[in-house]
Every structure is written in structure tokens, then in C-alpha cells.
Ligand code: FPP
């Protein structure tokens, strides 16, 4: 991430990312179909989005559907897509009122065109929101995102490196490729929460989580609410973030002191572009 972008991110508040796990088990424990768990999970999304800005969260990224989730039974996939559509249609107005900008990350080419239109219209309608950037990951795979950035580099070198026979690429420049923008890098995650008791990353924001603080809770996602989010942010505030240094980085600068901004020599990887 470029220096200016990291400062901008610090000004934007914390980046919290959530792996919303446990919907199925929550439903089964109540003698319901798994899809009922997703329905209740959508309510937890509403509660969480509403609570986030007052807790100092400026960016909230939610893992709604991984690229591997296509392997679930088709009725479950259908329910998840319908819930996303319904959520975007019902909540866009409220997002505009509350200064929430919606952005959907992940692949769009495998999503039904009607849903893509709903996504685009929610993104356009909320584009001026400044209180919270709500990113919903749909058909998302961190490995695929990194792979696509690498392929973009192969097919058309980074703008600042075009014309160089041997391309020396910094972390910040690769981060810009990952974000698909030469203005800003990918949003580094400050705080990653996973509900549902499992302790893994499941191909979510692997590059962006390089220095994320990880918080795992046994709470099933449909039961998650404002108090749980507040508890996670409090835990985060008590963590010592050192970014590889001996001395902790202060809470204020921590949100902007990501790997590329530590004052250390920029790590560069050489990529041969010419055969
Ligand atoms: C994981 O729980 C959850 C998902 C794969 C989907 C998350 C979707 C929602 C919370 C609702 C829709 C989202 C939005 C943004 C409106 P799981 O089913 O794998 O739970 P399990 O581990 O108990 O089986």
C-alpha cells in the first residue's frame, strides 16, 4: 500500500473483516433447515453493519459466499443468492441515509446477470457514503484474486514499471494490482473475526490479513450482534501490534502502519517480463 493510501486508511478507521460461520449448525441445533440459518444470518449482517461505524470501524468486509461454496447443494446456493439480492434491495436506501457505501468484491462472471444488476445499482446508489465502506465478498477466493493480479502483471506490467525489461515490483505496487487500482492498494485488514468456533482463514483476504489480529469466537453467526462486535474491537485495542518491530506500534498509527509503511526498506520481488 502506498504511504498516502495507508494514511488515508488510518483516517478511515479500522478495517474489520468477518468470516460469518455457523449458520448451518445454528439451524440444525434448532431442528430447522440450514437455509433458515442463512436467513437468520442476514439479520445478523444488518445488526453488525449498523453497529460498526460507532465502534470506529471504517471498513467492514463480510465473507458471504466463497468460490468454493458453489459446491454446496443447489437449493442452498439459490437461497444464499436470493438473500443477497433481497438484502441489497431492502438495505440500499438505509445505507444511503446512513452514509454506508456498498461494494461487492469477488468474481461477477458466474453470478446471475439479474443479481449483478442489483449489485451495480446498490454500488452506484451508495457511492457517496463516507461513514462506512461495506464490502461484501461474493464468489470470492483470495488465492484467485492474487492469481488474477499476477496474470494482470504478466499481461500488462504495472503502470509505473511499463517499459522496464526486468520488472522490480514492491509490495505496495503488487497491492495496487490486487486492488485493481493504481491510486490505492488493497485494504489491509486490522481485525479478522471468525464466528462458529472454527479456526481457519478459508481463503479469505490472505494478502490483506498479513498483519491482522485474529479473533475467533464460538458464537454462531446468527447470534452475533453489536455487543459481540464491541467485544472484538475491545480485544483488538488491547493487542500489541508490532509489525515485526520490537517496540509496539501505537494504536493511532497502527491502522496505517502496515507492512509497506514501517520505514523498512521496501521489499521488492524481481519479475522477469521478457522471455
Ligand atoms: C457459513 O455458515 C456461512 C455462509 C456460507 C453464508 C453467509 C451468509 C449470510 C450470513 C447471509 C447472507 C449474506 C448477506 C450479506 C445478506 P455455514 O453454513 O457454513 O455454517 P456451518 O459451518 O454451521 O455449516
| field | Label-reachable residues, the stretch 21-60, where backbone N falls under 16 Å from a point 7 Å from residue 82's Cα toward its Cβ | value | 33-43
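At a Förster radius of 25 Å, what calculated FRET efficiency corresponds to the Cβ-Cβ distance of residue 114 and residue 46, to the nearest 0.05? Write out the running numbers ahead of the final one.
On the way: r = 23 Å, r/R0 = 0.90.
Here the calculated transfer efficiency is 0.65.
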| task | Report the dimensions of the stretch 15-249 along its three principal axes from the alpha-carbon atoms, largest first, rounded to Å. | result | 62, 48, 36
| task | Taking the Cβ of each residue in 63, 211 as the centre, tally the other Cβ atoms inside 10 Å and list the residues starting with the fewest. | result | 211, 63
| query | In Å, what Rg and Dmax follow from the Cα atoms of the stretch 10-102? | reply | 14.4, 45
| query | How far is it, in nm, from the label point at residue 246 to the one at residue 125 when both lie 7 Å from their Cα along the line to the Cβ? | reply | 5.6 nm
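With the Cα gyration tensor of the stretch 64-185 in hand, give its eigenvalues times 5 under a square root as the equivalent ellipsoid semi-axes, listed largest first in whole angstrom.
Details: eigenvalues 188, 79, 21 Å².
Those come to 31, 20, 10 Å.
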| message | Taking each pair of distinct Cα atoms in the stretch 170-213 once, what is the resulting Kirkwood hydrodynamic radius in Å? | response | 11.5 Å
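Since every read-out is calculated from the coordinates, none of them should be taken as a lab result. Model, not experiment: these values are computed from the prediction. A quick note on method: Cβ atoms are made from the backbone with ideal geometry, for glycine too, and the neighbour counts reach across all protein chains shown.
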